[in-house]
Amino acid sequence: MNATQRPVSAWSGETDSAKASAEILAQLGDSVPKLIVFFATVEHDGSLIGDVFSRRYPGAHVAGCSSNGEFSDRGFGTGGVVALALGSDMLADVASALADLESGVAEGISAAAQALGSEVGCPLRELDPQKWVGLGLLEGATGREEKINEALGNEAPLLPFVGGSAGDRIRFERTWVYA
């Protein structure tokens with residue numbers, strides 16, 4: 001991506017994860033993203049998709065989650081994959097962490113916040129909310145979203161967050177998140 005490019009979006013209705021990843025890569029082309037965010041139906045292999053993107057764009061942070069439907073300016077539907085690539089023309093810095101919630105939500109969010117703070121060189125609660133925004137992709141099957149949001153608010157009370165809950169076609173059985 002150069003300084004005059006917009007974000008690059010991609011969509012695939014393919015139900016095979018490897019084939020969908022190849023279609024997405026073809027659409028992202030020679031962009032140079034700092035961040036790729038992707039959403040795919042829960043039946044897709046999120047680790048496979050995320051790893052493919054990470055190998056193709058080793059300088060980018062890659063984050064994604066399962067969804068209840070996928071849409072972009074290139075297409076929409078259920079059962080596929082969408083991705084958005086943002087370059088240095090839009091983002092000065094990016095950091096990412098996956099919170100391990102198995103030992104408790106507050107503990108997992110605190111550890112992830114510390115890792116993020118180390119990566120950007122400043123504790124999250126000291127980041128300028130005029131320059132930083134958090135993206136939260138929350139697991140959506142176990143009903144812990146409110147606890148996660150509370151813990152995020154405790155770790156970074158002034159930082160705005162956008163995002164949402166991972167989906168599984170409204171079954172509430174299993175979701176996945178990739179970072």
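The values are calculated or read from the model by the stated rules, or taken from the named source; none is laboratory data. Just so we're clear, the structure is a prediction, and the values are computed from it rather than from any experiment. Heads up, the Cβs are rebuilt from the backbone with ideal geometry, glycines too, and the neighbour counts pull from every protein chain shown. Side chains included, ligands, DNA and RNA excluded: accessible areas come from the protein's heavy atoms. Shrake-Rupley method; radii C 1.70, N 1.55, O 1.52, S 1.80 Å.
Selection of the stretch 153-167 for residues being within 16 Å of the chain's Cα centre (by Cα) and either under 21 Å from GLU126 (Cβ atoms) or surrounded by fewer than 19 Cβ atoms within 10 Å (Cβ to Cβ) (or both) yields PRO160, PHE161, VAL162, GLY163, GLY164.
For the stretch 6-60, a residue qualifies if it is within 15 Å of the chain's Cα centre (by Cα), of a type in the set (A, V, I, L, M) and assigned to a helix (DSSP H, G or I), and the qualifying residues are LEU48, ILE49, VAL52.
Filtered by the rule that a residue be modelled with pLDDT under 95 and open to solvent by 70 Å² or more (accessible area, probe 1.4 Å), the stretch 16-50 gives ASP30, VAL32. For the stretch 112-137, filtered to residues that are within 24 Å of PHE38 (Cα to Cα) and charged (D, E, K, R), the residue that is surrounded by the fewest Cβ atoms within 10 Å (Cβ to Cβ) is LYS131. Report whether or not GLY69 is crowded, with 17+ Cβ neighbours inside 10 Å, modelled with pLDDT under 95 and not hydrophobic (A, V, I, L, M, F, W, C). Taking the combined requirement at face value, the residue does not satisfy it.
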